[in-house]
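Scroll down for the structure; my scribbles are underneath it.
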Amino acid sequence: MKILIAVKQVAALDEDFEIREDGRDVKEEFLIRDLNEWDDYSLEEAVKIKETSSDPVEVVVVSVAAEEADESLRKCLAKGADRAIRVWDEGVEGSDPVAIARVLAAVAKSERPDMLFAGVQSSDQTFAATGIATAAFLGWPHAAVVSSLDYSPGAKSAVFRRELEGGLLHEVEIQCPAVLTIQLGINTPRYASLRSIKQAAAKPIEVKTLADLALSAGDVGEPGSHSRVRRMYIPDKGQAQLIEGDAAAQAQRLAQIIREFKGDAA
Amino acid sequence: MSGVLVIAEQRRGELRPVSLELISAAQELQSAEGQRSAEGLRSAEGDTVTVAIIASSPHLFLDSLKLAGVDEIIAVKVAAAEFDPDTFEAAVGALIAERKPDVVLVAHSVDSFGYAAALAAKLNLGFATDVFKAGRVDGALVATRGGYGQKVNVEVDFPGRDTVLLAIRANVFKPPEQAAAPKITEFAAPATASRSSGREFIELSSNDDVDMAAAEFILTIGRGIGEEANVAQFKELADAVGATLGCSRPIADAGWLPKSRQVGQSGKTASACKLYIAMGVSGAIQHLAGMKHVATIVAVNSDAGASIFGVAKYGVVGDIFEIAEELRRLF
């Protein structure tokens, strides 16, 4: 049995960041990279399934990214993934989530997992698209925003709840193999132990190229993407009226706002 | 190829409010189209806004969709009583094949997360999600979305795509109010063998008796409180100032407060809230979207760059513990 998990090393912005000269992204030196928060939960969900299964389960993480993502892949290995695959080719640069999904689907076709997990979205570009587009290329059943899951590896179906807006859940049964996008809070991701971090550092990361997956340059990058970044810019900040002064003065003003409101409300 | 196709969203017999917002978004695009036709680039008759409602009883929703700016409503009857990705992919795919719209608008919602990307991948559609602005630049469709935790705006375009699917952020466009009498058409959806089936809906409940939907004054805590032991201090502060204590997603996920206290898009809708004080909440877009209707938002955060300052009326940049302590003394 095998569960494949699509992961991404995301970027957050340093304070006082700058936009690149071509105006289409933030300058590299202002990006702070880490494993996508959602992926931490989907990995944990797979590792939990592996730990409670009576049959052996292999947990494989895959990322379509340059070498710098090895850091996040090692984090996954330290937290319980058995293998890590990274696919890269210069042509992948500039790929939108649909082009990335095309590559992930090719990996899934060669790995033949029983289930594929992805995060609901990535914290940096928040498309909420990669997992479900991967399912389309595989022709697999799919569901988004899964907040609880009942699945035994190798089973023909799984039951899950998707988290809807406004505090509502929807319980659904789905045929397997399937692609599920996993929501925050589905479990409590573990911390990696020092020992497992050391062990992960020694594990290999399998690097594949587009050619290894029988993909071509036209499948990825701008030609394979369904949208293209035209311009990135810093928006005008909202007009929050700043309450100045020390903590005592700020609290005074806050108290005044609260009292005014209560006066209105009374 | 012409016009804008809007896919309305319904759940459990009710039209979701975002459906009407999509109509306004479509109208804005249409007026951008109009400018194009004025320049002689296309005929005006193609600039239509068509709204499709996909449901087991689509007729129940027709009256609420008869709004100014809608040229035609398509009633699409399907077997599935509630949202199912295979049903929607097939129905919207068939609509696109028949109507060949330039632009298809869906809500950036949990339902569309489940099928829009698959449809874009299969039908080779231009595609962008969480779009809060769309228009034409030199005749080409340009959509604007956020990036890096809303710290930047990202403009995307769709070179070479005949049809573009956009998932529109909720609570951005104002729903149209004026009624109209658009043409009504029936559309036979293709039969679908769904590979998943909905069983039941479950309302979020807890043994906590708080009613976030009725609360007018909410004090919310976020990641900034650091650890569970600090929750008590803010609970006490909320009680003292007469506020209902709420929390952002990470606090509920960690189990520090019950899920029923979570506010934001996936949490309880704080629909009656008028004064909202957010302490240590950076403001994920889902959280902000769920609180946008509140008249007075006050954000207290040590990070001056936190996204929540973009929607707040008042901002306090400072240490939340110090400010909480000072504030407590005043009540």
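Read the figures in this text as sums done on the coordinates, not as results from a lab. Quantities reported herein were computed from a predicted structural model and do not represent experimental measurements. Methodologically, a virtual Cβ is constructed for each residue, glycine included, from the backbone with ideal geometry; neighbour enumeration extends over all protein chains shown.
The antiparallel fraction among DSSP beta bridges confined to the protein assembly as shown stands at about 35%.
Using the Cα gyration tensor of the range B:255-315, with a ≥ b ≥ c the square roots of its eigenvalues, what is the shape: rounded (a/c below 1.5), prolate (a/b larger than b/c) or oblate (neither)? It is oblate, given that a/c is not under 1.5 and a/b is not larger than b/c.
One chain, two ends: A:ASP236 and A:SER110. Fully extended at 0.36 nm per residue, the span grows by 40.7 nm beyond their Cα-Cα distance.
With a Förster radius of 51 Å applied to the beta-carbon distance between B:ALA188 and B:LYS292, the computed FRET efficiency rounds to 0.85. Within the range A:77-128, the GluC sites (Glu not before Pro) that combine a DSSP coil assignment with at most 14 other C-beta atoms in a 10 angstrom radius are A:GLU93. Spin-label pair B:ASN124-B:GLN233: with each label point 7 Å from Cα along the Cα-Cβ axis, the two points sit 6.0 nm from one another. Of all aspartates and glutamates in the structure, those lying under 16 Å Cα to Cα from A:LYS50, and not within fewer than 8 positions of it along the same chain, are A:ASP40, A:GLU58, A:ASP82, A:ASP114, A:ASP150. Scanning residues 5 or more positions from B:VAL104 or on other chains, those with amide H under 5 Å from its amide H are B:LEU5, B:VAL164, B:LEU165, B:LEU166, with H placed 1.01 Å from N in the peptide plane. What lysines does B:LYS274 reach when the alpha-carbon gap must be under 22 Å and sequence neighbours fewer than 8 apart in one chain are set aside? Within the straight-line limit of under 22 Å, B:LYS274 reaches these lysines: A:LYS262, B:LYS174, B:LYS235, B:LYS259, B:LYS292, B:LYS313. Highest mean packing first, where packing is the average number of other Cβ atoms within 10 Å per residue, the peptides B:113-119, B:127-133 line up as B:113-119, B:127-133.
Counts of other chain beta carbons within 10 angstrom of each beta carbon in peptide A:170-177 average 5.
Counting, for every residue in B:155-165, the Cβ atoms of other protein chains within 10 Å of its Cβ and taking the mean gives 4. Magnitude of the charge dipole for chain B, about its Cα centre and with charges confined to Cβ atoms of Lys, Arg (+1) and Asp, Glu (-1), is about 160 debye.
Across B:ALA120, B:ALA170, B:ALA97, mean-square fluctuation computed from a Gaussian network of chain B (C-alpha pairs under 10 Å connected) peaks at B:ALA97.
Using the Cβ-Cβ distance between A:LEU194 and A:SER53 with R0 set to 25 Å, the FRET efficiency works out to roughly 0.40. Neighbouring Cβ atoms from other chains, within 10 Å of the Cβ of residues in A:13-22, number 2 on average. Working from label points 7 Å from Cα in the Cα-to-Cβ sense, the B:ALA180 to A:ALA248 distance is 6.1 nm. Annotation for A:ASP16 and A:GLU171: the two label points, set 7 Å from Cα along the Cα-Cβ direction, are 5.5 nm apart. Could you work out how far the C-alpha centroid of the range A:26-62 sits from that of the range A:109-140, in angstrom? If you average the Cα positions of each part, the centres end up 13 Å apart. Of the residues B:GLY135, B:PHE113, B:PRO159, the one whose Cα sits farthest towards the positive end of the charge dipole of the range B:85-174 is B:GLY135 (charges of +1 on Lys and Arg Cβ, -1 on Asp and Glu Cβ, taken about the Cα centre).
Here chain B is scanned for GluC sites (Glu not before Pro) in DSSP loops (not H, G, I, E, B) that have at most 12 other Cβ atoms within 10 Å, and the longest stretch holding none of them is B:40-176. In this structure the amide hydrogen of A:GLU58, modeled in the peptide plane, comes within under 5 Å of the amide hydrogens of A:LYS2, A:ILE3, none closer than 5 places in sequence on its chain. With 19 Å as the limit on Cα-Cα distance, the pairs of A:LYS156/B:LYS77; A:LYS2/A:LYS48; A:LYS8/A:LYS75; A:LYS75/B:LYS151; B:LYS66/B:LYS133; A:LYS48/A:LYS75 that go past it are A:LYS156/B:LYS77; A:LYS75/B:LYS151; B:LYS66/B:LYS133. Result for chain A in a Gaussian network model with C-alpha springs under 10 Å: among A:ALA155, A:ALA99, A:ALA78, the largest mean-square fluctuation is at A:ALA155.
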